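The values are calculated or read from the model by the stated rules, or taken from the named source; none is laboratory data. Values in this document were obtained by computation on a predicted structure and should not be read as measured data. As a convention, Cβ positions derive from the backbone with ideal geometry for all residues, glycine included, and neighbour counts pool all protein chains shown. These accessible areas exclude ligands, DNA and RNA; they are computed on the full protein's heavy atoms, side chains included. Shrake-Rupley method; radii C 1.70, N 1.55, O 1.52, S 1.80 Å.
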Amino acid sequence: MGLIPYKNEEYLDWSDEKNVEKMRAALKDVGSRLDRSYPAIIGGKRIETDGEIVSVNPANPSQAVGRTARATDREADMALDMATATFEYWSRTSPEARARILLRASAIMKRRRFELLAWEAYEGGKPWAEADAQVAEAIDFLEYYAREMLRLKDGVEIYSIPGEESRYTYQPMGVGVIIAPWNFPTAILTGMSSAAIVTGNTIVMKPSEFTPVIGAVVAEIFEEAGLPEGVLNFLPGYGSEVGDYLVQDARTRFISFTGSMKTGLRINELAARQIENQRWVKRVIAEMGGKDAMVIDDSADLDSAAADIVKSAYGYSGQKCSAASRAILHADVYDEVLNKVVEKAKALRIGVPESADVNVGPVISEPQFEKVASYVDVGKQEGERVLGEDPGDPEDGYFVSPTIFEVERDARVAQEEIFGPVLSVIKARDFDEALRVANDSPYGLTGGVYSKNRDHLERARQEFKAGNVYFNRGITGALVGVQPFGGFGMSGTDSKAGGPDYLPLHMLARTVVERF
Ligand code: NAP
């Protein structure tokens, strides 16, 4: 296929009034389409369920964004049956034809970009720039995985011995269950689903209970792109009600999960148990939480470091697995960096994402709001709060202001994933200690070092325990194809989404040898 080389999708320029106008129009248009119903889609058929999930706007919880089906074991069973039957056909469809569906889905997302941003603002509470980065990432996944499949379609080179030909190729696996989180509802759901589909598998797609409407829009885009019925079966439902069924079922070949450590470990455990009629060892691709640290040493550019700490800690209210939730500062620059961080964080504009200058929106849901609020209480006991206020009434929107605690390294707020706009600042005597503190976590997703000291950077290059390590820059916003993403330790199986090793995780590698 004669495709142009892969290139990341550019972000929108919000200083361009035309983009602002288009976004306002999209917010108005999507605003007039709220509170509609979205059934499950199984084999192309719309399936109603007895119950429903009501998805609300986190900035205005009395506003329903939409109502989706609430799948039970019955619909899960139908979806697995459909995906199993469709696999026979889809697995034999050519890789080129499969890749074209992704390219078409990407073109549709580009055309519907502002609409997707508006859904992100309503259902995810995303500020515009955050929503835009995420939709651009979804487009990148589609473009990148389409090209990756073309690269891998004939297998990869291996050696042969004289008189023989050895070939190493990839084939589809079977039915995949795709379980996504709410924090990147367009990008991660699209990325995990498209990787599974382009490699010839069929899927049951379960979005998060907090962003099922965006899930329905993504499913609809694949449908519009011409994906044959039954390849993607859209199954909105509560993980607690339908998750175990999907994971344990003998028809499930693999599970691609992104979410919390707790859920990921449960899925891993359940998937490992052999049940009746099971014909394979299920594969689990699990990307989980983080407690990501930025180390600032005494040689760093302190203004830049402070700006990137603030960006990495408070982008999307800290609800990124890659968010900086620990800043570990060298004692000699501690006060200066902390003051700069406080000053810059104070300048952030918090509010409903209805204009481009809102930097911090609400947290996603009432349970998340309660969780973050309880950590604010814990932090107040463990250390000194140098920025932030007690969260207000959740009925007014799930807003939590950017918060900073000065704490010791073993404080709970410095050890446990909070997933909100809460930063723990820790003092380190020297670089050695800073690196030890950074590595003192069960997680290992992202991390950063700000330094001009070559020895420090080289040491961190080897020793920083994280799947994605960044020097002299922020630690969030991994670019597809440029910063393949996935964590060490309890952060997951290091699948490196958006990287060259990702698609093979969704395939079986076959070795065929012929002697002549
Ligand atoms: P979560 O509570 O673990 O939920 C993730 C998904 O799992 C949801 O679709 C959820 O459904 C489902 N689920 C819940 N219980 C299940 C069960 N027993 N079996 C199968 N599925 C089940 O996580 P979240 O709150 O949505 O997302 C935030 C977490 O994701 C954070 O820990 C964050 O660090 C992590 N994350 C990691 C990455 C990464 O690449 N490493 C990226 C983004 C987010 P319901 O929504 O219905 O509960």
Legend entry - Cross-chain or 6+ apart pairs with Cβ under 6 Å, the range 238-264 first and open to solvent by less than 10 Å² (accessible area, probe 1.4 Å), then β-branched (Val, Ile, Thr) and more than 6 Å from the ligand (Cβ to nearest atom): Leu246/Val177; Val247/Ile255; Thr252/Val175; Thr252/Val177; Ile255/Val177; Ile255/Val284; Ser256/Ile178; Ser256/Ile285
Inset, instruction - Could you check, for the range 326-346, whether at least one of its residues is assigned by TED's automatic domain parsing to the domain that holds Ile309, surrounded by 17 or more Cβ atoms within 10 Å (Cβ to Cβ), in contact with a strand residue (DSSP E or B) (Cβ under 7 Å, 6 or more places away or on another chain) and of a type in the set (Lys, Arg)? - result: yes
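Residues are listed down the side, and each one gets a yes or a no for (1) in contact (Cβ under 8 Å) with a residue 24 or more places away in the chain; (2) of a type in the set (A, V, I, L, M, F, W, C); (3) buried (at least 24 other Cβ atoms within 10 Å of the Cβ):
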position	(1), (2), (3)
Glu276	yes, no, no
Ala300	yes, yes, no
Lys311	yes, no, no
Lys320	yes, no, yes
Ala324	yes, yes, yes
Legend entry - Neighbours by Cβ (under 8 Å, 6+ apart or cross-chain): first from the range 420-443, farther than 12 Å from Arg459 by Cβ; second among the acidic types (Asp, Glu) and open to solvent by less than 10 Å² (accessible area, probe 1.4 Å): Tyr443/Asp292
Legend entry - Complete set of residues in the range 1-24 that are open to solvent by less than 60 Å² (accessible area, probe 1.4 Å) and over 27 Å from the mean Cα position of the chain (by Cα): Asp16
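Given the criterion part of a loop (DSSP other than H, G, I, E, B), touching a residue at least 60 places away in the same chain (Cβ under 8 Å), surrounded by 18 or more Cβ atoms within 10 Å (Cβ to Cβ) and in contact with a Cys (Cβ under 7 Å, 6 or more places away or on another chain), identify the matching residue among Gly230, Gly290.
On the way: Gly230 fails: in contact with a Cys (Cβ under 7 Å, 6 or more places away or on another chain).
Only one candidate qualifies: Gly290.
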Inset, instruction - Grab the helices (runs of 4 or more DSSP H) fully contained in the range 405-516, keeping just those with 3 or more residues being away from the ligand (no atom under 16 Å from the Cβ) and buried (at least 24 other Cβ atoms within 10 Å of the Cβ). - result: none
Inset, instruction - From (1) farther than 30 Å from Tyr316 by Cβ; (2) open to solvent by 10 Å² or more (accessible area, probe 1.4 Å); (3) touching a residue at least 24 places away in the same chain (Cβ under 8 Å), pick out the condition that doesn't hold for Ala129. - result: (1)
Inset, instruction - Could you tell me whether Ala195 is under 10 Å from the mean Cα position of the chain (by Cα), within 16 Å of the ligand (Cβ to nearest atom), open to solvent by less than 10 Å² (accessible area, probe 1.4 Å) and under 27 Å from Ala136 (Cβ atoms)? - result: no
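Here is a yes/no grid of residues against (1) β-branched (Val, Ile, Thr); (2) over 22 Å from Ala79 (Cα atoms); (3) more than 10 Å from the ligand (Cβ to nearest atom):
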| position | (1), (2), (3) |
| --- | --- |
| Leu232 | no, no, yes |
| Pro236 | no, no, no |
| Val242 | yes, no, no |
| Ile267 | yes, no, no |
| Ile275 | yes, no, yes |
| Val281 | yes, no, yes |
| Gly289 | no, yes, no |
| Ala306 | no, yes, yes |
| Tyr316 | no, yes, yes |
